[in-house]
Amino acid sequence: MTTSTAPVGVFDLFTMGMGPTSSHTVGPMKAAAAFAKHLRRAGAAAGVESVRVEIFGSLAATGHGHGTFTAVLLGLDGAQSARVDSGEIERRLADITASGTVSLGAGRRTPCRIEDFVLRPSTVGPRHPNALTITAYGHAGVVVRSDTYYSIGGGFVVRDGDEERPLRHAIDVGSTPVPHGGGAARCAS
């Protein structure tokens with residue numbers, strides 16, 4: 001596993017979010033929210049007819065008890081770990097469960113239910129045991145987008161292809177001097 005050279009700030013150390021562990025809730029929620037955001041930015045969210053979620057390794061083995069599945073659904077529905085409160089979690093989850101759909105931020109609902117998640121607890125990804133792959137399908141089952149994410153701990157997430165840039169908070173803090181390191185660092189989502 002490669003690590004990021006970006007500094008870790010106090011807000012990274014004390015990541016806020018639901019669940020007993022940030023790697024099983026905050027990370028998966030950020031991954032799912034990032035996936036939905038990529039679909040929206042590409043203008044593809046409205047054409048998604050279904051979403052498949054595959055959860056691997058440790059996330060699959062302990063996901064229900066640790067809140068991983070709920071976190072993924074909430075992320076796909078647009079919730080952000082640092083901004084969602086317990087009342088909103090309960091309300092949104094009730095809506096998602098009742099309808100069997102998530103919004104993807106597209107203005108319409110797309111089928112996605114915990115019962116349809118594919119769990120692969122014996123399969124460990126090449127980068128980290130906490131992995132999930134989210135795939136969006138359009139008309140006739142055509143893959144619109146598919147990404148694999150690794151929840152590497154502390155609420156940090158790395159997407160395959162973004163080897164050196166863990167997903168962090170959605171707050172852009174701009175350029176920040178790094179003590180004892182020279183240069184500047186930039187938090188990226």
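Contact list please: Cβ distance under 9 Å, first residue in the range 104-116 and basic (Lys, Arg), second residue open to solvent by 30 Å² or more (accessible area, probe 1.4 Å) and assigned to a helix (DSSP H, G or I), pairs at least six apart or on different chains.
Arg108/Ala46; Arg109/Ser99; Arg113/Thr97
Restricting attention to the range 58-104, and to residues there that are in contact with a Gly (Cβ under 7 Å, 6 or more places away or on another chain) and open to solvent by less than 50 Å² (accessible area, probe 1.4 Å), which single residue is farthest from Gly125 (Cα to Cα)?
Here the answer is Ser103.
What is the residue count in the range 73-88 for residues that are among the hydroxyl-bearing types (Ser, Thr, Tyr) and closer than 14 Å to Gly155 by Cα?
Initial filter on the range 73-88 (among the hydroxyl-bearing types (Ser, Thr, Tyr)): 81, 86.
Cutting the leftovers down to closer than 14 Å to Gly155 by Cα gives us 81.
Looking only at that region, the number is 1.
Residues Gly181, Gly125: which one is within 17 Å of the chain's Cα centre (by Cα) and either open to solvent by 40 Å² or more (accessible area, probe 1.4 Å) or at pLDDT below 80 (or both)?
Exactly one of Gly181, Gly125 is within 17 Å of the chain's Cα centre (by Cα) and either open to solvent by 40 Å² or more (accessible area, probe 1.4 Å) or at pLDDT below 80 (or both), namely Gly125.
The values are calculated or read from the model by the stated rules, or taken from the named source; none is laboratory data. This structure is a prediction, so every number in the text was calculated from the model and none was measured. Every residue, glycine among them, receives a Cβ derived from its backbone with ideal geometry; neighbour counts consider all protein chains shown. Accessible surface areas use protein heavy atoms only, side chains included; no ligands, DNA or RNA. Shrake-Rupley method; radii C 1.70, N 1.55, O 1.52, S 1.80 Å.
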